[in-house]
Amino acid sequence: MSTPDADDALCAFRERHLRRVALLGQVADSERVLEEALRPPAPPTPPLRVRLRRLFAPPPPPPDPARRHEGALRAWRALDFQLRALETAVAEASTDRGALREHGALPPTAAGDSWDAELAAHHAATRAAQARSLEAVVAESIAQLKDQHRALRALHTAAAGAVEALALQATVSAGAAGAVDEAAIAAVVRLAGECAAEVHHRVDALEERLRELDAEAAARQAARAEVEALLEARRVR
Amino acid sequence: MCAEAHPEDTAAVDIPALRRQLAALRLNRLYPPWRAVDAHLAALQIPAPDAPLVPAPGTAWPEGAAWTRVRVDHGLAPELLSGVPLDAARTAYLRAIAETQPLPDPAPRCAVVGHVGDRVRGELVWDRHLLPVPRLWRATLRFVARPSADLVDNGLSIELSPDLRARLRQALERPAAVAWTALEALVEPELLTLGELGPARPGPSGPWLSAALSRVGPSLRQTSVDDPLLGSAGIPVPAPSAAVRLSHHRKWAVPADDLPAARAWLKSQGSRNLVVAVRS
């Protein structure tokens, strides 16, 4: 494989991995959105004169249940699509991991007598090391993607009941109280918050690993430049 | 219930037939905007992965979850298509749904139509699309009110406070005669019209789509109710001593082959509802 193609392949693996990390972040955001959609809206605090006037007025009407249901359904449907995306991401990451393992296991190119051959051998060794490092990070991300898929599946199932309860509330005519299980909805809200916090923590950990990988790659690039300079100096001599 | 329905009539939702009947009903401005409803039905025709289209129980309408799903997915499509890796089927579905125009959730429109002394005469038009049911109706209220912090006369339009809007929404979700009583506590109503589209009932040759119009006010000469779908529960009507009267009538669009059966059924219910035959 020629050097530019191999470098492009490594870049492509890295870009896909970054996109999968971004997907985990989006999943966490979707969980937060579901949490907020299911949380009952906090009533605004009106000015004092309005509160005094309301002491002698009928109680304010409840917020529109249809809007609350639609917001919750939107957040729940987003989770549904995120679940499918996680499944796709796991399959893609597994394929990439296999390809990176092959790249990392390539036999070392025999250094020849010419300067070009030495340079090519050095490049191949550097790329193989980078592929092995990236493979380890991708392997870790596969585990996180699978864990997140399991957690999201549980949240999705739990939230389905809450969304259905809100749909029932939305279909009950005004004046007749809908028997919405707010406790069940609150439980889903807590679960969504916990899932989102966990995913944010894992995304932070993944990003930290990627920063370590970047530092590693930068050190290798510096070493590569040094070797190239030495080889160039030898060639000129 | 309508004339005998074949078992297979309830198995699938015939959206093309519903769209033809919707156009044939020739709904005027007192009903929900039929073109917007037609666009939503067109969006419902797009097959969604893992979400087959099923009818709402006992009707030939799509179930409420499908109506809501279309609007929700249309809103989600741009952000999902921009970065979330999805399979080909879901990507194609989202691309198609992104091009549709689902029913919006419009805010009420309140226009100034005149002044009576220091009071303003207004006309409130409020489209309510309660998709989870589904229930689609338009309330048109002609009223007089004194401007206040909750009701501001802006010259051409009237601005309603969130609190007043919520109370009006609650009032207008009730049957017309009951809504009138609730509205009297908020403004001085002059004429209330509730135009409702649906339900669609399964028939032998296809769905039977209907629309009902309720009008209540002091200008009506007599109370008149003709709706075979009300059943024994009936509809609240103003007391004989009340100052207002109620008119409530329904009209139908049915497949041409079902026209004799529809007329026979309406006659058996003592109804003189208008029926329109629609050729497929």
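The values are calculated or read from the model by the stated rules, or taken from the named source; none is laboratory data. Quantities reported herein were computed from a predicted structural model and do not represent experimental measurements. Neighbour counts run over all protein chains shown; Cβ positions are idealised from the backbone, glycine included. To get the accessible areas, we keep the full protein, side chains included, count just its heavy atoms, and leave off ligands, DNA and RNA. Shrake-Rupley method; radii C 1.70, N 1.55, O 1.52, S 1.80 Å.
Summary of values
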{"read-out": "Rg to Rh, two decimals, where segment B:25-183 supplies the alpha carbon set and Rh follows Kirkwood", "value": "1.08"}
{"read-out": "Under-5 Å amide H pairs with B:Val113, H placed in peptide plane, nonlocal only", "value": "B:Arg121, B:Gly122, B:Glu123"}
{"read-out": "Heavy atoms of B:Tyr93: accessible area, 1.4 Å probe, square angstrom to 10", "value": "10"}
{"read-out": "Bins of 10 Å, starting at 0 and running to the largest distance - Cα pair percent for segment B:52-96", "value": "25, 43, 25, 7, 0"}
{"read-out": "Estimated vicinal HN-Hα couplings, Hz - segment A:17-23 in sequence order (Karplus 6.51, -1.76, 1.60; Gly, Pro = x)", "value": "5, 4, 5, 5, 5, 4, 4"}
{"read-out": "Estimated D of segment B:178-268 in µm² per second, where Rh is the Kirkwood radius over Cα pairs and Stokes-Einstein applies at 10 °C, 1.306 mPa s", "value": "107"}
{"read-out": "Long-range HN-HN contacts of B:Val54 with modeled amide H, under 5 Å", "value": "B:Glu63"}
{"read-out": "Equivalent ellipsoid dimensions for segment B:1-119 as semi-axes, Å, which come from the Cα gyration tensor, largest first", "value": "31, 25, 11"}
{"read-out": "Principal axis dimensions, the protein assembly as shown - Cα atoms, whole angstrom, descending", "value": "114, 65, 42"}
{"read-out": "Interchain or long-range residues, amide H under 5 Å from B:Leu274's placed H", "value": "B:Trp252"}
{"read-out": "A:Glu212-A:Arg67 FRET efficiency (beta carbon distance; Förster radius 41 Å; 0.05 resolution)", "value": "0.35"}
{"read-out": "Helix-only CD estimate at 222 nm, as mean residue ellipticity for chain B, using -39500 (n - 2.57) per DSSP H run (n ≥ 4)", "value": "-8500 deg cm²/dmol"}
{"read-out": "Solvent exposure, largest accessible area first (probe 1.4 Å, DNA, RNA and ligands not counted), of A:Arg101, B:Arg169", "value": "A:Arg101, B:Arg169"}
{"read-out": "Computed Kirkwood radius, in angstrom, where 1/r is averaged over Cα pairs of chain B", "value": "20.6"}
{"read-out": "For segment B:94-100, 3J(HN,Hα) per residue [Karplus equation, 6.51 cos²θ - 1.76 cosθ + 1.60, θ = phi - 60°, Hz, x = Gly/Pro]", "value": "5, 5, 5, 5, 5, 8, 8"}
